[in-house]
Ligand code: HEM
């Protein structure tokens with residue numbers, strides 16, 4: 001560790017090399033929460049200004065900020081909305097943001113997502129089939145590939161042959177080694193979606209997300225082509241890595257906590273609560289920005305127009321003022337009003353899908369590899385970028401089983 005906890009707490013930098021996995025980071029969050037409601041970071045990331053940003057770390061302030069979109073805007077330039085290219089849901093404020101949601105919400109309804117359960121289970125089983133006969137495998141492969149396959153194949157309705165490439169491009173775009181590699185992958189992804197959506201304008205409807213976007217009307221006007229591609233890109237960014245990181249954390253946690261793994265095998269009824277607890281305990285999102293639109297005071301701090309403030313969802317979810325024994329993962333925790341999916345007008349659009357993928361992922365792995373445990377001599381590899389954090393490699397061993405797909 002190159003800096004003390006206090007030094008980290010004074011100038012939080014999520015990308016700092018000391019944060020090899022989450023343990024130290026959460027100790028830093030504890031110090032940040034104890035010191036004051038708002039910490040500071042000089043490290044600009046996401047939309048934070050070069051001069052840095054305030055960081056909300058306690059549950060109460062995070063919740064208030066998320067509810068108060070009139071002062072804490074999601075538009076990085078609230079004084080000049082027209083400067084943004086394309087209307088992207090997550091950087092819009094009401095009323096336009098709410099009109100967008102009205103168009104997209106029905107697609108992600110619980111009933112509609114539930115109908116995808118058999119396909120999600122079959123895809124997860126295919127991934128497990130790749131190694132189940134060997135008695136050894138990498139569970140990160142299930143966590144990282146399942147949400148991508150489900151999203152590109154069933155939600156977006158991309159041609160099946162493109163799915164592998166789309167997943168690879170998304171991963172490089174978010175985690176590529178260099179800025180150039182990441183930008184090139186985003187460019188490739190944009191072009192790929194652009195071409196797929198263009199092709200669909202002349203094809204019969206397929207009842208998927210591309211169709212929802214193509215037929216959407218707001219105030220009697222169709223969405224522009226740029227808005228459609230931009231929001232398809234947003235769904236890629238928002239839905240894949242978040243779910244994969246959270247699921248990878250759960251697989252690793254259960255490998256290293258066999259008593260909890262056995263409990264979930266014995267008591268599958270608590271899986272829905274366990275999913276919520278994993279999202280609270282190791283939720284994938286650590287900071288997303290808001291920009292001050294009008295001067296406002298919160299918990300004794302005056303924010304000025306143009307200031308950036310990052311909402312630290314992960315820290316809020318470990319606040320002992322709201323969660324008793326917050327640093328323990330309690331599989332059947334009750335009253336779990338975590339902020340892992342956000343709150344207020346921007347609350348996660350895909351939470352029903354994420355929960356389902358996560359639930360089915362755990363259910364299939366525990367049903368088919370109930371005694372899995374870390375592979376002797378194998379090493380779990382953790383990776384964090386400026387938004388999400390999770391395990392990229394989870395080598396495990398288990399009693400061999402049979403493939404279930406032909
Ligand atoms: C465990 C997985 C996930 C986590 C932890 C997560 C978390 C979040 C959070 C915290 C927000 C609020 C952002 C803000 O307040 O600025 C959000 C918004 C959003 N999420 Fe998720 N998400 C997950 C999965 C998904 C999935 C699967 C999709 C879709 C395929 C999705 C699509 C979105 C979209 C489009 C928004 C923006 C909503 C808006 O601006 O109105 N998310 N998510």
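All of the numbers you see were taken from the coordinates with simple rules; none came from a lab. The shown structure was predicted, so the numbers you read here are calculated from the model rather than taken from an experiment. We place every Cβ from the backbone using ideal geometry, glycine too, and count neighbours over all the protein chains shown.
What's the whole-number percent of alpha carbon pairs in the chain lying beyond 41 angstrom?
Of all Cα-Cα distances in the chain, 13 percent exceed 41 Å.
Once label points are set 7 Å from the Cα along Cα→Cβ at both residue 109 and residue 399, what is their separation, rounded to one decimal in nm?
Distance between label points: 4.4 nm.
Could you tell me the center-to-center distance, by alpha carbons, between the stretch 189-229 and the stretch 337-369 in angstrom?
With the stretch 189-229 and the stretch 337-369 each reduced to a Cα centre, they are spaced 26 Å.
Would you work out if the stretch 357-406 is rounded, prolate or oblate? Take a ≥ b ≥ c from the square roots of the eigenvalues of the alpha-carbon gyration tensor; rounded if a/c is under 1.5, else prolate when a/b is larger than b/c, oblate otherwise.
Taking the square roots of the gyration eigenvalues as a ≥ b ≥ c, the stretch 357-406 is oblate.
Set the Förster distance to 35 Å, then compute FRET efficiency between residue 367 and residue 328 from the Cβ-Cβ distance, nearest 0.05.
Efficiency, rounded to the nearest 0.05: 0.85.
Taking every pair of alpha-carbon atoms in the stretch 1-61, what share in percent sits in each 5 Å bin, from 0 to the bin with the longest distance?
4, 20, 30, 24, 19, 4, 0
How far is the Cα center of the stretch 111-140 from the Cα center of the stretch 246-313, in Å?
Computed from Cα coordinates, the inter-centre distance equals 25 Å.
Suppose a student asked you for the relative contact order of the stretch 320-406, using Cα pairs under 8 Å spaced at least 6 residues apart; what percent would you report?
The normalised contact order for the stretch 320-406 reaches 19 percent.
Fewest first, what order do 31, 311 take by the number of other Cβ atoms within 10 Å?
Ranked by crowding around the Cβ, least crowded first: 31, 311.
Ratio of the stretch 192-321's C-alpha Rg to 2.2 N^0.38 Å, to two decimals?
1.51
Place a point 7 Å from the Cα of residue 49 along the Cα-to-Cβ direction; which residues of the stretch 288-304 have their backbone N under 19 Å from it?
Under 19 Å, as judged by backbone N against the label point of residue 49, lie 288-298, 301-304 of the stretch 288-304.
Dividing the convex hull volume of the Cα atoms of the stretch 279-351 by its residue count, what figure in Å³ per residue is obtained?
Measuring per residue, one finds 110 Å³ for the Cα hull of the stretch 279-351.
Give the calculated FRET efficiency between residue 267 and residue 18 to the nearest 0.05, with a Förster radius of 41 Å applied to their Cβ-Cβ distance.
Between residue 267 and residue 18 the formula returns 0.65.
Taking other Cβ within 10 Å of each residue's Cβ, how do 172, 91, 399 sort, fewest first?
399, 172, 91
Mind giving me the nanometre distance, one decimal, between the label points for residue 224 and residue 121, set 7 Å out from Cα along Cα→Cβ?
Once both label points are built, they end up 4.5 nm from each other.
Compute a Gaussian network model of the chain, connecting alpha carbons closer than 10 Å, and tell me which residue from 24, 66, 92 fluctuates the most.
Fluctuation is largest for 24.
Describe numerically, in nm with one decimal, the distance between label points set 7 Å from Cα along Cα→Cβ at residue 202 and at residue 60.
Each label point is offset 7 Å from its Cα along the Cβ direction, giving 6.1 nm.
Please compute the alpha carbon radius of gyration of the stretch 121-169, then divide it by the globular-protein estimate 2.2 N^0.38 Å. Two decimals is fine.
1.19
Could you line up 304, 404, 126, 62 from fewest to most neighbouring Cβ atoms inside 10 Å?
304, 404, 126, 62
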